[in-house]
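Worksheet for the structure shown next.
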Amino acid sequence: GCSIDWSREAFTLDEARNLAVRTCFKRMYDDRLIYRGHRVINWDPKGQTVISDDELVYEERQATLYTFHYGKDVPIPIATTRPETKVGDTAIAVHPKGRWKKYIGREYDVEFAGASLHLRVIGDEQIDETFGTGALGVTPAHSMVDAEMAQRHTLPMVQVIDEHAQMTDAAGELVRGMSVQDAREHIVAWLKENDLMLGEQEITQNVSTAERTGEVIEPLPKLQWFIDVNKEFAFSQSKHAPIRGLKNGKKVTLKRLMQHTVKSGQVGIIPDRFEATYFHWIDHLRDWCISRQLWYGHRIPVWYCVACGKRASEEVMKRCKEPIVSTENVTSCPHCGGAVKQDPDTLDTWFSAGLWTFSTLGWPDESALDLQTYHPTALLETGRDILFFWVARMILMSTYCLGEVPFRYAYLHGLVRDGQGRKMSKSLDNIIDPLDMIKAYGTDAVRLSLVIGSTPGNDLNLPKERIAGFRNFTNKLWNITRFVFMNVREVVRVDVSPKPVTAADRWILGRLAAVHASVTAKLEEPVFALSQAGEELRDFTWSDFADWYIEVAKGQLKDEHQMSSTEQILLYVSQTLLKLWHPFMPFVTQRLWQEVDEDGLLLVEAWPDALETKPDEAFSRVKDVVTMIRNLRATYRVPERTAVPVTLISAQCDFWKDMEPMIRTLVLVESLSVCDVAESGAQYAVASLGDTEVRVHLAGAIDVKAEIARLMSAWQDVEDYVKQQEKKLKNKAFVKAAPVEVVDGERRKLDEACAKRDAYRAQLDALT
């Protein structure tokens, strides 16, 4: 159902996108926002690549918390679930005001599980006194938190785990070359053998794993490329679509830009409850590791000189050591003419994805017509699970590269689950393939099932029966429209609201005006209430138009005085509905539109203009009376094809006499009498609407004696149940002992039974 301008087709790795990626990278590098450095990153030992913080999947797992001393001469115990990393510790951190504060500044040299450790006791406010022993063994090489602490206290970094989750030589003789798991077991055994183990406790903890491979992440120090989100730079404001609250040349950071655009309302997140999630992530944002050890993706546009000329001066040699960053391919060193080698890593896929709103519009050519015309974009629709991966990165890139927001709103959808609310998976054999559903039920039905009933940010349960239900509705719209086109003398375009003649005409045009205004408002920013708009359209189409007006129109088409206006209204309403439904169900509506305009595309039709007509109250009263007659017939089980006399008692006799033909069209009656005084008599069902009383005469239409017997039996059953409930609720012991919700439930049952009993009594009174 997408209508795409194929002249603007773009591929994430094509030349235009690659130029945009390289240009952005170079600008950031020149602004010293991109740097290469040794930092602790998330490493996937199975995938052999870096994983960003927001790509981690946290799994709840059982673990053992070990409490022990490093050595008999070290007075401060520590607790950890990863004793294998402790051979890389360089400090013990305690709270500066905690119970271990007197040891701050002391140093200990110990032999720990075959490794020689030099431990300095440091005081740090980040230590949680309530966890474990209130002290932390600092492992700078294998924890991001510890690495930050090491920076604050100038601690050395010792890497004891390698890229394959094996222990390095620096881990010591006992565990070098072992897997992480084997090393853990050996160190635990060593602690016990040396009487250093103080205790073991089973706990539940969140373990970070790689999304793609499921492997447990190893924090490792690696030489990688990063974007510094906290470094200040001079902001370059857009002349085309400036960001409010910022001035050209103002010192900002990428983090502050990401905060400002959303906090100031210049980028709206729908639903807005996800703004809190967004800010929580941004506020705790670390530098973004953008290099990946993958073969597929944009190569990092950096080259290194590998063969400096022998006669190069010292100054040239110094420059040769610097990375060569370029938007063009580099074939030789620009300083010495020597051979160069490109950085082997690729960029994180979200780096290029973050440029998508403007790299597809001609950037880095900032004068490109598409860029000037279409940026910022209006709306990004995406999954809530990539709020951080994509939405935040697009805000970062657009505000930096263009000085503009990428879009005005980000609309987030949830996950599509099976009919039981379970996540779709091969193991559960509950995956619904959209292509299979399209083949079985049609594309429009699948589209509707994903829109109507779905609210932003929430998951959607999708049983096949739901899709089948929307298939039925698409058939309904098809049949309604085909009925109209087949029952008018000529199918012509009707773009202007026709002049109504009857109360039903005025009512349907008024209802269409109200629905059009409501649906339009729901589809526009900042509401985007797509589901509610679809539900309102469905109710109008099925109920107001099909069940009511078309039924009246069948009679009006037979009246030569009403035929022409009725045809015009049928065509106008059905054509307006095709336009309103087109965004939801493009295929069925376009096919039907070809009956109106054989070569025309609904997509380029103007959205219907606002209508001024108000709903006609006269027909609303007719609807209510017809509904009452239908309900009374159903209540007393009058056979479907049996006509019965109906009497309307009202002071407005002339009004109801004028409405008689319309009522006869909508409900089966033998005769319709209108009077202003009630006549005596029995065996009729009665209901009231304001000052109007509706009587449906039952004599001859049903077996009154049999119906009385049935009602008496039903009444007696309910009466017995009422007495039983009353007795139960009068039992003080039951009321006192039972939970409040149980007692309340029993009272509700009693109230419902009393209402049913009274209804049976009223029906009996009408028959007797």
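The figures follow:
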read-out	value
Whole-angstrom Cα spans of the range 705-767 along principal axes, big to small	46, 14, 12
Ordering of 387-393, 484-490 by burial proxy (mean other Cβ atoms within 10 Å per residue, highest first)	387-393, 484-490
Contour excess over end-to-end distance, with Cα ends at residue 193 and residue 483 and 0.36 nm allotted per residue	95.5 nm
Span from the the range 710-768 Cα centroid across to the the range 529-577 one, whole angstrom	44 Å
Listed peptides 566-579, 57-70 by packing density, highest first (mean Cβ within 10 Å)	566-579, 57-70
Segment residue 366-residue 279, length gained on full extension (0.36 nm per residue, minus Cα span)	28.3 nm
Charge sum, other residues only, whose C-beta stays under 12 Å from residue 47's C-beta, Lys/Arg counted +1 and Asp/Glu -1	-3
Phi-based couplings in Hz for the range 683-695 (Karplus 6.51, -1.76, 1.60; Gly and Pro marked x)	6, 9, 9, 9, 8, 10, 9, x, 8, 10, 9, 10, 10
Two-site label geometry, residue 332 and residue 131: point separation in nm, points 7 Å out along Cα→Cβ	5.6 nm
FRET efficiency, 1/(1 + (r/R0)^6) with R0 41 Å, evaluated for residue 215 and residue 741 via beta carbons	0.30
Spatial separation of Cα centroids for the range 123-194 and the range 387-442, in angstrom	39 Å
Taking the C-alpha atoms of the range 446-532, convex hull volume expressed per residue in Å³	136 Å³
Between the range 652-675 and the range 35-71, the alpha-carbon center distance in angstrom	79 Å
Value of [θ]222 nm, deg cm²/dmol, for the chain, DSSP H segments ≥ 4, -39500 (n - 2.57) each, nearest 500	-12000 deg cm²/dmol
Computed E for residue 408/residue 48 - FRET, C-beta separation, R0 30 angstrom, nearest 0.05	0.15
Semi-axes of the equivalent ellipsoid for the range 449-603, Cα gyration tensor, largest first, Å	28, 16, 15
Among the listed pairs 522/657; 46/86; 26/86, those beyond 29 Å (Cα-Cα)	522/657; 26/86
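Values in this text are rule-based calculations from the coordinates and carry no lab data. Predicted model only: the values in this text are computed from it and were never measured. A quick note on method: Cβ atoms are made from the backbone with ideal geometry, for glycine too, and the neighbour counts reach across all protein chains shown.
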